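The values are calculated or read from the model by the stated rules, or taken from the named source; none is laboratory data. Quick caveat: nothing in here was measured; it's all calculated off a predicted structure. Here the Cβ is made from the backbone with ideal geometry for all residues, glycine too, and neighbour counts use every protein chain on show. With ligands, DNA and RNA removed, areas are computed over all heavy atoms of the protein, side chains included. Shrake-Rupley method; radii C 1.70, N 1.55, O 1.52, S 1.80 Å.
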Amino acid sequence: MELKEYLKERKAIIDREILKYLPSVPPFGKRLYEAVKYSLTVGGKRLRPILCMAGCEVVGGNYEEALTPACAIEMIHTYSLIHDDLPAMDNDTLRRGHPTTWYKFDEATAILAGDALLNRAFEVLSQWNFDCDRKIKVIEEISKASGMLGMVLGQQCDMDAEGRKDVTLEELLFIHRHKTGRLITASVVSGGITGGGSEEEIGTLKKYGDSIGLAFQIIDDVLDVIGDQNKIGKNVGSDLEKGKVTFVTFFGVDGAKRKAREEIEKAISALELFPAKKNELLKKLAHFIVEREY
């Protein structure tokens, strides 16, 4: 299957399935439900849940087994975007080509919508009718990647670095491996755990995830400089406006692109553990990350 068709098909699956995990509309407080549903349905590539399903398949599992963690991961990712866009954080008004949640509703509702999605994700995972040992490992993987050891820590470090000129490359790598990379890695690793992957296979998927996660952020930095706002669906030039040090700061646009391609080559090299027919889609997904439209 061609990658474009594969992405379209898998995105449609997630778009359909994720709404099944939302509770019924309450008699009061409907604004919260509206903000949550809006945030989940205004677009997005669904890359993380697609990686989760692909990770399950590459170790020999059925992607349908991974739908619950895949949807939970997308809920967590969406919560992080809602909070990231808040005036207290990045103060962005455009996300996925639509008004950000706080801008469409209000700050308080956006905070609560993010909180609701994070908690709902773990509620969904706890109720997942699946092998108990694997389920616990998946919950541990996702919770570590989302919290004080992962995404939340990376966000704090990102804010601490804002406006500073003395940010080192080591610090920048730490920020983005946590803020962006950990959840991407957890996505593909959680799929591998769900599919019953061996310790060696899970280790391979971690290497793959770490490399594509870093490449993803490097390309995001490039797109913030040269991207077309109408194509990428969010404000461009915001990093420069906020005085953020990025990979473009260190390497320039062309150098950053080369760095991203190097990470993708590492990711693809790691996949050699798996048979060629099985790893083909993960390889294509890796290339897709660095070939997003400028």
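Can you tell me which condition T180 does not meet? The list is (1) among the polar types (S, T, N, Q); (2) outside any helix (DSSP H, G or I); (3) within 18 Å of D220 (Cβ to Cβ), and all the others hold.
So T180 meets the others, but not (2).
Residue under question is H98, and the condition is that it be of a type outside the set (A, V, I, L, M), open to solvent by 60 Å² or more (accessible area, probe 1.4 Å) and closer than 30 Å to K244 by Cα; does it hold?
Here the answer is yes, as H98 does meet what is asked.
So, of the residues in segment 160-203 that are within 21 Å of the chain's Cα centre (by Cα) and open to solvent by 60 Å² or more (accessible area, probe 1.4 Å), which turns out to be nearest to K137 (Cα to Cα)?
Residue satisfying both the conditions and the ranking: R182.
Helices (runs of 4 or more DSSP H) wholly in segment 71-166 with at least 1 residues that are farther than 30 Å from F250 by Cα and at pLDDT 95 or above - which ones?
101-104, 107-126, 132-146
Take the conditions of a type outside the set (V, I, T), part of a helix (DSSP H, G or I) and touching a residue at least 40 places away in the same chain (Cβ under 8 Å) and apply them to A66. Does it pass?
So A66 passes the test.
Can you give me the number of residues within segment 1-31 that are part of a loop (DSSP other than H, G, I, E, B) and farther than 30 Å from L281 by Cβ?
Result for segment 1-31: 7.
What are the pairs, 6+ residues apart or on separate chains, where a residue within segment 198-213 that is under 21 Å from K259 (Cα atoms) has its Cβ under 6 Å from a residue that is open to solvent by 30 Å² or more (accessible area, probe 1.4 Å) and not β-branched (V, I, T)?
Close Cβ pairs (under 6 Å, with a partner that is open to solvent by 30 Å² or more (accessible area, probe 1.4 Å) and not β-branched (V, I, T)) amount to T204/L273; S211/K266.
If you go through segment 259-294 one residue at a time, how many are closer than 25 Å to C157 by Cβ, part of a helix (DSSP H, G or I) and modelled with pLDDT under 95?
2
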